[in-house]
Amino acid sequence: MRTILSLSHADAMTILDAIRARADQNNHSLAVAIVDAYGELLAFLRTDGCRLPSVQIAQNKAYTAVREQIESRELGARSKSAGFPMTNFGELRYVTWGGGVPVFHEGVAVGAVGVSGLTEDDDVDYAKWGIAHLTH
């Protein structure tokens, strides 16, 4: 039996293709980053019309989600409620906006998806939409 330690390139493309198709259908401009279990980029998409800041933000959302094994927005909420500034992590790439969602397989974070360019809720929705297209 194969043990999955990280998303594969095929997994990343499945997620990316699902999000791209939905964004095209809805005429949405966004950036999508898919990272492996270590936060390293596996796949990336910037659709037409997407603003430049969204490129780095999407990558940082995915990085944050997999490194902390929690949605980026939830990490921000916990940090705020605990009075623990994000700068205390010592990680400049961490972001607290919604749109970074970890991908779990059998309880292990094997990667993450980061989406940026829309509203926070829409970014989260797109990330989860893509992840839902995986079959393990």
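The values are calculated or read from the model by the stated rules, or taken from the named source; none is laboratory data. These numbers come from a predicted model, not from an experiment. Areas reflect the complete protein model, heavy atoms only, side chains present, ligands, DNA and RNA absent. Shrake-Rupley method; radii C 1.70, N 1.55, O 1.52, S 1.80 Å.
Please report the relative contact order for segment 8-76, taking Cα pairs under 8 Å with a sequence separation of at least 6, and give it as a percent rounded to a whole number. Computed over segment 8-76, the figure is 28 percent. With the helix formula -39500 (n - 2.57) applied to DSSP H stretches of n ≥ 4, the chain reaches a computed 222 nm mean residue ellipticity of -13500 deg cm²/dmol.
Remark: the S29-T87 segment gains 17.9 nm on full extension, using 0.36 nm per residue and subtracting the alpha carbon distance.
Once you have all Cα-Cα distances for the chain, histogram them in 10 Å bins from zero and send the whole-percent values. Per 10 Å bin, starting at zero, the Cα-Cα P(r) for the chain comes out as 14, 47, 30, 8, 0 percent. Over the chain, Cα pairs under 8 Å with separation of 6+ residues give a relative contact order of 29 percent.
Taking only protein heavy atoms into account and a 1.4 Å probe, give the accessible area per residue of segment 5-99 in Å². Ligands and nucleic acids excluded, the result is 54 Å² per residue. Expressed as a whole percent, the accessible surface of the chain that belongs to carbon and sulfur atoms is 50, based on a 1.4 Å probe.
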